[in-house]
Amino acid sequence: MTASAHSNHEDGHHGEGHGSFKSYMIGFVLSVVLTVIPFYLVMGDILGNAIWTVAIVFALGATQMIVHIYYFLHVTSQAEEGWLAMSIGFTVLLVVIVMTGSIWVMFNLQENMMPGHEQIEQIRSLP
């Protein structure tokens, strides 16, 4: 038995749940479901409310990030004494800040850059 196989055996990693076919298939199915639901909500205009739709899409996107991290990257709180999980937490925090800032900028651009009805009429009446 090699040293790496021996250490994996001692840690309780027998292949089940850590890189097994079952683990990857669970992650794949969850990823597909978490992709189809937002697509259906947006394309079908199911909720009729843009703010709720965006909130649900972002929540499902965050859930999909967690699925990818757990099922495909195998990051857990036990991995590398928690340092890996802490770095992922910091990364998630940065992603939330960037996404929130991007949405804020986009909403403000739409509000401030799109001319109102009165402004359009004033522009049309210019010589």
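At what distance in nm do the modelled label points of residue 86 and residue 51 sit from each other, each positioned 7 Å from its Cα along Cα→Cβ?
3.8
Which value does Rg/Rh take for segment 44-127 over its C-alpha atoms, Rh per Kirkwood?
Radius of gyration relative to Kirkwood radius: 1.26.
Taking the Cα-to-Cβ direction at residue 59 and at residue 73 and moving 7 Å from each Cα, how far apart do the two end points lie in nm?
That separation, rounded to one decimal, is 2.3 nm.
Once both labels are modelled 7 Å past Cα along the beta-carbon direction, what's the residue 119-residue 29 spacing in nm?
Each label point lies 7 Å from its Cα, and together they span 5.1 nm.
Over all Cα pairs of segment 81-127, how is the pair count split among 5 Å bins, expressed in % and running from 0 up to the last occupied bin?
Histogram of Cα-Cα distances, whole percents per bin: 5, 18, 12, 12, 10, 9, 8, 7, 6, 5, 4, 3, 2, 1, 0.
So how much slack lies between residue 106 and residue 20, counting 0.36 nm per residue of separation and subtracting their Cα-Cα distance, in nm?
26.8 nm
Every number in this text was worked out from the coordinates using simple rules, so none of it is lab data. As the structure is a computational prediction, the values presented were derived from the model and not from experiment. Positions of Cβ are backbone-derived with ideal geometry, glycine not excepted, and every protein chain shown enters the neighbour counts.
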